[in-house]
Amino acid sequence: MKAIVYTQNGLPIDQPGALIDMDLPRPAPGPRDLLVAVQAVSVNPVDTKVRKNMPVTEPRVLGFDAVGSVVAVGSDVSLFKAGDTVYYAGSLLRPGSNAEFQVVDERIVGHKPASLSAAHAAALPLTALTAWELLFDRLKIAEHGHDGESLLVIGAGGGVGSILVQLARRLTKLKVIGTASREETAQWVRDLGAHHVIDHGKPLAPQLEALGLSQVDHVLSLTHTDDYYEQIVEIITPQGQFGLIDDPASLDATKLKRKAVSLHWESMFTRSTYQTPDMGKQHEILDRVAALIDDGTLRTTFGEHFGTINAENLRRAHQLIESHKARGKIVLEGF
């Protein structure tokens, strides 16, 4: 099968060897696995982080988000059958979606939204799972609740933020404030449902005060947390909640003590990496998200189509992700 791999970590993405095309054997499904013929994929910051930071002793297939058709199922599979069209975000521990065929545990797979094309559905799984788990599993935000409370989303125009803003606006009563530094991104965040958008390139407190908010109850930082942490400590309400998904070099949690602020980390790979008892929750989340897409509550965060799935196009996608200028999700489709 065709696959795109890296064979040496840390190479700059403008070097042809950073990602290369290769022929690999088609994988076989285990007892709980689906064998999926991949139709479309999207690219996430985690793809670039793995490529840069994780050494390999053999070619590694990257890629997490995928849409495809189930070709075969393992002996213990109960949620899917051959012919089903599915979407998923995969696992850090297994070969990825940048290949014609992939095996994936059924417990982290959902039925593709019927109303979306493969390309538009491929934009969703990893960011939808991250946003859902962060909002509802980590912060324990109740659906249709929290009237009168505020949520600040730092980096609201990226992949996770683009889903998180929608979930918070459509499924809760929170007042949603997103941040964006460019007007086109700010408009994108408004269109997704944010009540207000402020510029994270400027001090946050004065902008919040201009909106009538001296502090915010919940802060979710999705990027460059190091740069905003001191401001977050300042603007968050006593007994508020702070959540993050990125990888700050350091984080002094003692600064949250005075206000008794709770700290919440989110990684959507935790359930699959550790085979947690509730691993199947990701199947449930993806099916719920698909239903919300199909009934018009949520919309895809598809941003740009970069063409067919090959090394050249994936290098371009990684380069745009690394520039931190991507709006919505970058999708590739077909081989």
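The values are calculated or read from the model by the stated rules, or taken from the named source; none is laboratory data. Since the structure is predicted, the reported quantities are computational estimates derived from the model, not experimental observations. Backbone-built Cβ (ideal geometry, glycine too); neighbour counts: all protein chains shown. Surface accessibility is based on the protein's heavy atoms, side chains included, excluding ligands, DNA and RNA. Shrake-Rupley method; radii C 1.70, N 1.55, O 1.52, S 1.80 Å.
Please give the calculated 222 nm ellipticity per residue for the chain, where each DSSP H segment of at least 4 residues contributes -39500 (n - 2.57) and the sum is spread over every residue; nearest 500 deg cm²/dmol? All intermediate terms of the calculation are to be shown ahead of the outcome.
Values: 10 runs with 94 residues, N = 335.
After summing the helix terms and dividing by the residues of the chain, the value is -8000 deg cm²/dmol.
First check a/c for the stretch 76-123, with a ≥ b ≥ c the square roots of the eigenvalues of its C-alpha gyration tensor; if it is under 1.5, answer rounded, and if not, answer prolate when a/b is larger than b/c or oblate otherwise. Mind dumping the intermediate values first?
Numbers: a/c = 1.82, a/b = 1.14, b/c = 1.59.
Because a/c hits 1.5 or more and a/b fails to exceed b/c, the stretch 76-123 counts as oblate.
In Å², and per residue, what accessible area does the chain have when probed at 1.4 Å with the other protein chains present?
Numbers: 13800 Å² over 335 residues.
Per-residue value: 41 Å².
Can you give the Kirkwood hydrodynamic radius for the stretch 175-232, in Å, rounded to one decimal and based on Cα pairs?
On the way: mean 1/r = 0.0844 Å⁻¹.
The Cα-based Kirkwood calculation yields 11.8 Å.
Can you give the accessible area of D295, probe radius 1.4 Å, in Å² rounded to 10?
Accessible area, nearest 10 Å²: 100 Å².
With only alpha-carbon atoms in the gyration tensor, what are the semi-axes of the equivalent ellipsoid for the chain, in Å, largest first?
On the way: eigenvalues 227, 95, 67 Å².
Semi-axis lengths for the chain are 34, 22, 18 Å.
As an exercise, identify the trypsin sites (Lys or Arg not before Pro) in the stretch 108-205 lying in DSSP coil whose Cβ has no more than 13 other Cβ atoms within 10 Å. Please report the intermediate quantities before stating the final value.
Numbers: sites: R138, K140, R169, R170, K173, K175, R182, R190; in loops: K140, K173, R182.
For trypsin sites (Lys or Arg not before Pro) across the stretch 108-205 that sit outside H, G, I, E and B with at most 13 neighbouring Cβ atoms in 10 Å, the list reads K140, R182.
For the stretch 152-251, build the charge dipole from Cβ charges (+1 Lys, Arg; -1 Asp, Glu) around the Cα centre, then report which of Q215, V197, L171 sits farthest towards its positive end.
Value computed over the given set: L171.
What is the percent carbon and sulfur in the accessible area of the chain, measuring with a 1.4 Å probe over the protein chains and ignoring ligands? List each step's numbers first, then the result.
Working: 6940 of 13800 Å².
Ligands and nucleic acids excluded, carbon and sulfur give 50 percent.
Mind ranking 65-78, 35-48, 252-265 by how tightly packed they are, going by the mean number of other C-beta atoms within 10 angstrom, highest first? Spell out each step's value before the answer.
Details: 65-78: 19.1, 35-48: 24.9, 252-265: 12.6.
Taking the mean over residues of other Cβ atoms within 10 Å, the ranking is 35-48, 65-78, 252-265.
Using a 1.4 angstrom probe and counting only protein chains, how large is the accessible area of E58 in Å², to 10?
Roughly 130 Å² of E58 is accessible to a 1.4 Å probe.
Plugging the Kirkwood radius over Cα pairs into Stokes-Einstein for the stretch 40-122, at a temperature of 37 °C and a viscosity of 0.692 mPa s, what D comes out in µm²/s? Walk me through the numbers before you get to the answer.
Values: Rh = 13.5 Å.
It comes out at roughly 243 µm²/s.
Going by the alpha-carbon gyration tensor, a ≥ b ≥ c the square roots of its eigenvalues, is the stretch 122-249 rounded (a/c under 1.5) or, if a/c is not under 1.5, prolate (a/b greater than b/c) versus oblate? Mind dumping the intermediate values first?
On the way: a/c = 1.24, a/b = 1.13, b/c = 1.10.
It comes out rounded by the Cα gyration axes.
What do you get for the angle between helix 159-171 and the principal long axis of the chain? Use alpha-carbon atoms, 0 to 90 degrees, nearest ten.
With rounding to tens, the tilt is 60 degrees.
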